[in-house]
Every structure is written in structure tokens, then in C-alpha cells.
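Trainee: My questions will all concern the structure given below.
Values in this text are rule-based calculations from the coordinates and carry no lab data. What you are looking at is a predicted structure, and each value in this text was computed from that prediction instead of being measured. Here the Cβ positions follow ideal geometry from the backbone for every residue, glycine too, while neighbour counts run over all protein chains shown.
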Amino acid sequence: MQEKRSIISELIELSKVDGEVSEVEIQLIKTMGNMIGLSDAEILDCFKNPAPFDPETSPFDRIVQFHRLVLLMNIDGVVSASELNHLRLVGVKMGLNSNAIDEVLTRMYDFPNNLIPPDVLIAIYQKYMN
């Protein structure tokens, strides 16, 4: 349960970085929270009582979480420098390769709505794995 709350809390933190939490961001956070098994009440509680940062243990799960964050950042159609910086820091804290993070954040602009397809995302991370 704590791991799921951490995932949602990190999404919430990103949504607040630009100073404006939009309704579309809240809806996406709720949808993602429901998908991982949290109730709406548990998700809303994370807004008031965020869980501590606890990155996923498997590399694949960390990439999935980073992809969730990229999706959330792009959902409102506005990508701020503060959001990009926050995402870079979170990616590094998650143990992701910084070159892969930068490539993802650059390549996302090559796709409609900045939504990088999962297969492209995985290919980028595979390129940088040791």
C-alpha cells in the first residue's frame, strides 16, 4: 500500500510544480491511482498527506513510473521548465540513466501531444543499459 501511495504522491508533487493543478491532471492522477488499486479517497488523501518518495525496485517499474510522470506533465498541454527540471531530478533519484532521461524529454516533442510511445521509451532505456 505504501508503495502505491508513493507512486501517486510523486505524480501529485509533479502536478504542483508549476503552481497550477488542473482538473485534467487530477483526473489523470485518479485514473492512474485506480489502475494500481487505490480508491478515490486514498488518492485524495495523498494530496493532503503525501507518502515519502520510495522508488520502484525493478528497472522496468521505474521506467513505467517515469512514463506516468511524463504523461502527467504533458496532459495539460503546457510543459514548463520547472516541470522538466523536476522530472529530471526525480528520474535521477529513481536511478534512471541521465542520458536516457534527457533523450526521453527531448524526443517526446517528436510525437503528437508529446506522448512518447512505450516501445520508443523502452528502446531509449535499452540503449543506455550497461
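Trainee: If I stretch the segment between Arg88 and Met35 completely, what's the gain in nm (0.36 nm per residue apart, minus their alpha carbon distance), one decimal?
Mentor: My answer for the length gained is 16.6 nm.
Trainee: If you don't mind, there's one more thing I want to ask. Can you bin segment 81-127 into rounded, prolate or oblate? Criterion: square roots of the alpha carbon gyration tensor eigenvalues sorted a ≥ b ≥ c, rounded for a/c under 1.5, prolate for a/b above b/c, oblate for the rest.
Mentor: oblate
Trainee: Follow-up. Scan (1) -0.39, -0.86, -0.96; (2) -0.20, -0.69, -0.90; (3) -0.23, -0.76, -0.97 for the value of log10 I(q)/I(0) by the Debye sum over Cα atoms at q = 0.09, 0.16, 0.18 Å⁻¹ calculated from this model and give just the label.
Mentor: Checked against the structure: label (3).
Trainee: Whose amide H sits under 5 Å from the amide H of Glu56, counting only residues 5 or more places off or on another chain, with H placed in the peptide plane?
Mentor: Result for Glu56 returns nothing.
Trainee: Quick one: helix 98-107 against the long Cα principal axis of the chain, what's the angle to the nearest 10°, folded into 0 to 90?
Mentor: Around 90 degrees separate the two axes.
Trainee: Report, in degrees rounded to the nearest 10, the 0 to 90 angle that the Cα long axis of helix 59-75 makes with the longest principal axis of the chain.
Mentor: The helix 59-75 is inclined about 70 degrees to the chain.
Trainee: Among residues other than Asp18 whose Cβ falls under 10 Å from its Cβ, what is the net charge (Lys/Arg +1, Asp/Glu -1)?
Mentor: For residues surrounding Asp18, the net value is -3.
Trainee: With +1 on each Lys and Arg Cβ and -1 on each Asp and Glu Cβ, how big is the dipole of segment 2-128 about its Cα centre, in debye rounded to the nearest 20?
Mentor: Taking the Cα centre of segment 2-128 as origin, the dipole is about 260 debye.
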